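This is the structure, below, for whatever I ask next.
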Amino acid sequence: MTTANRPMIRKTVTVGTAYVSGLFIASWAGAAQCCVIMFAAAGVGFVAAHFFDERYCFVITLAFVFASGLYASYLANEYRTITAYDGSEIVFTGKVREADYLGDSMYSLTLRGDVGGYATDISFYTGDIDAQYGDTVTLQAKVALITDSVKYQSEKYSAPKGQLLQGEYAKVLKVSGGGFSLAKVILAYRDRVFDIITETLPGDEGAFLAAMLCGDKSQLDGGLQTALYRAGIGHIFSVSGMHLVVIAFALMWLLDAIRLGSRVKFAVTETVIIMFVVFAGGSVSVIRAALMMSIMNLAKIFNRRYDCLTAILISVMIMTAAKPYAIRSSSLLLSAGGAFSFGVAAPKAVRAVKTYRFGAFSALAKSFMFVATVSVVTLPLNIMFFDEVSLVAAVTNMLLAPLFTLSLTLAAAVMFTGGFITFPLYVAGAVAKKLIGISRFLASLPFSSVGIGYKSVKTAALLCWAFAALFIIFRRKIDKYSVAAAALSFVCFVLACAVNYIMLKDVLRIYSIKYRGSEMAVVVLGGECAVVNISGEGELTQSAARLCNSKDVRKVTGFYDLEDTTTAYPQFAEYFMVGKTDVTIGGESVTFGSGSQCFTIDKDGIALDSGAYVIYVYEDGETVYRRLSDGFSDE
């Protein structure tokens, strides 16, 4: 085999798969449990060596045990040291990573500094402060562990980024400039591009393009985000592979046109990739994409064949070697899973089905098979991290991919020209308007997506997917039978959702959401609900909207604000696709149902008579439920 045809696969895939598996499994355990996992893995490897190739078993076991030990070391050292500061008042010095103005002379600062000898990020609230990215700030504040609540899923979001502590209102002691920084220049340029897009195209179109290019979704209202995710194209706001591919290949085409040497093209391309990583905020997903792109470029330089699976595993190993906690990052898992489905699973599935047999429709069948495979492969990740799963994603991505690729390319052209040429934005805006309109229409369809806020549905879906995955693993290839097993797993998931909906459609459920003195109630029957703001200024509207989405609610029959505020309903409507509904502001109480199912909600909470319904109480992140009858538990 010549050097040009030598694949850089198998050994790296074997080691990488074992490493990633060991790290991911260990991430769900404590330090002591990690040690148990390590010994168990070593035992399994020892036994397996008697039946399979000894060297193969040794390499797999070593990689798995090493990864588990790496996570155990993180928990025993870095995690334990940092979390020991919970409840302490500290003087903290760090460089500004993020600075956001919250209004009323209040700022949120995220600083990267040192706690107990370990680098970490901590967010604080401060008064009026003149600090920019890269500046050094010293402040004094009390810090506490980041925990999840019914209002914020803070720990799930922050811990995989290595951010374990959060500060209270801080006293600023010192601010010093960070001097010149290329990163500061790039981020300032990003803000300029963002402003040019949103000022040239005010409204949803500009917010859509700015979010897609810059990864900043601050201008997108929650209803539009919900529509895009239900339509199955919400992934375009995660700045990662697709964005980098569009930009990198456009650059490569330009470099090829001027006939630069391969090493010069490599240097220029890598420089642009690094700058784009900074431009996109250094998110995990874009770093993963940049590493894979760099590996592909290196393969060309060294005359090696590029392998997507190898590149994915190398990227994940590099990113988690110093930061093992990143293995639980939703951005990393979703982007790596997407890359695997696009670069490995989907091409194999298309070849296995032999779409050329469809004659004149072969191209259409090939496209559908490709995007359908992506939807099936990424299903468990969507179940892990989202409240809903789109059922139309395969069709939507097949039909709309050319449109959002075109709009991204046009927006990128404005970025490359520094905003001096803005006419492509008007074309991109027209395309974005079509995308938004189609997405809103699809999201309004009754079965465009399904809520997965039910343990029974999640369990059934994961079991079906695991069956298909094991079937493919034991066959050791992707053929038509493997594709059929994967398709069957998705069908079973849809059936599980349908059965769950039928079983619960006549069960009246009352959800009381409480957080720091605020309370909202969501009364659900079938696919409809009524929302009652019992106390507070609407602080829990986003939580109520998320609950409605996860419970497959498609219609809000009424919104009642007992607190008589002017903010609760508009905030709820921003996060949930409300449609036409009755809004009642003020009043002492609301009565629902009749007969044995009659109950009243007033400013003191929920008054319940005996009845055939179920009440679930979500309070400060803990689920407490009482079964008042033989109704079905949706948990």
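The values are calculated or read from the model by the stated rules, or taken from the named source; none is laboratory data. What you are looking at is a predicted structure, and each value in this text was computed from that prediction instead of being measured. Here the Cβ positions follow ideal geometry from the backbone for every residue, glycine too, while neighbour counts run over all protein chains shown. Only protein heavy atoms, including side chains, enter the accessible area calculation; ligands, DNA and RNA are left aside. Shrake-Rupley method; radii C 1.70, N 1.55, O 1.52, S 1.80 Å.
May I have the extent of the alpha carbons of region 284-405 along their three principal axes, as whole Å values ordered from largest to smallest?
50, 43, 27
Mind putting a number on the dipole of region 1-143 about its Cα centre? Charges go on the C-beta only, +1 for Lys and Arg and -1 for Asp and Glu, and I need it in Debye to the nearest 20.
That gives region 1-143 a dipole magnitude of about 940 debye.
State whether region 38-160 is rounded, prolate or oblate according to the following rule on the C-alpha gyration tensor (a ≥ b ≥ c being the square roots of its eigenvalues): a/c under 1.5 gives rounded; otherwise a/b larger than b/c gives prolate, and the remaining case gives oblate.
Because a/c hits 1.5 or more and a/b exceeds b/c, region 38-160 counts as prolate.
A further question follows. Of the accessible area of region 98-152, with the probe set at 1.4 angstrom, what percent is carbon plus sulfur?
43
Within 10 Å, count the other beta carbons around each residue, average over each peptide in 410-420, 203-213, and list them highest first.
Result, highest mean Cβ count within 10 Å first: 203-213, 410-420.
Still on this structure: Explain nothing, just the number: relative contact order of the chain, from Cα pairs under 8 Å at least 6 residues apart, as a whole percent.
Numbers: 1116 pairs, mean separation 71.2, N = 635.
In percent, rounded to a whole number, it is 11.
On full extension of the chain, what length is gained from PHE416 through PHE66, given 0.36 nm per residue of separation minus the C-alpha to C-alpha distance?
Taking PHE416 through PHE66 to full extension adds about 121.6 nm, to one decimal.
Something else about it: How far, in nm, would the chain grow between ARG259 and PHE474 when pulled straight, counting 0.36 nm per residue and subtracting the alpha carbon separation?
Details: separation 215, 0.36 × 215 = 77.40 nm, distance 4.78 nm.
Contour length minus the Cα-Cα distance gives 72.6 nm.
While we're looking at this one, here's another question. Between ALA49 and LEU463, how high is the FRET efficiency from 1/(1 + (r/R0)^6) when r is the Cβ-Cβ distance and R₀ = 25 Å? Nearest 0.05. Walk me through the numbers before you get to the answer.
Numbers: r = 31 Å, r/R0 = 1.22.
E(calc), rounded to 0.05, equals 0.25.
Turning to a different aspect of this structure: Give the lysines reachable from LYS603 as a straight Cα distance under 16 Å; neighbours fewer than 8 places away on the same chain don't count.
Correct list for LYS603: LYS514.
Let me ask you something else. With labels modelled as points extended 7 Å from the Cα through the Cβ direction, what inter-label distance (nm, one decimal) is found for THR566 paired with GLU270?
Label-label distance for THR566 and GLU270, simple model: 5.9 nm.
Hey, what's the Kirkwood Rh for the chain if you take every pair of different alpha carbons, in angstrom?
Evaluated on the chain, it is 27.1 Å.
Suppose all protein chains stay in the model; what accessible area per residue would a 1.4 Å probe give for the chain, in Å²?
Averaged over the residues of the chain, the accessible area is 49 Å².
So how far, in whole Å, is the C-alpha centre of region 283-330 from the one of region 355-427?
Taking the Cα centre of each part, region 283-330 and region 355-427 sit 22 Å apart.
Which residues among region 124-148 fall inside the zone where the amide N is under 14 Å from a point 7 Å beyond the Cα of SER176, along Cα→Cβ?
Of the residues in region 124-148, 135-139 have backbone N under 14 Å from the label point off SER176.
Could I ask something else about it? Probe radius 1.4 Å, ligands and nucleic acids ignored: give me the carbon and sulfur share of the accessible area of region 179-233 as a rounded percent.
Within region 179-233, the accessible surface is 53 percent carbon and sulfur.
Using a 10 Å cut-off on Cβ atoms, rank the peptides 274-281, 64-71 from the highest mean neighbour count down.
The packing order, highest mean first, is 64-71, 274-281.
By how many nm would the segment from GLN153 to ALA40 grow when fully extended, if each residue of separation counts as 0.36 nm and the alpha-carbon distance is taken off?
37.4 nm
If I model a spin label as a point 7 Å beyond the Cα along the Cα-Cβ vector, how far apart are those points for GLU537 and ASP221 in nm?
Reported label-point gap for GLU537 and ASP221 is 2.1 nm.
Can you give the Kirkwood hydrodynamic radius of region 169-223 from its Cα pairs, in Å with one decimal?
13.2
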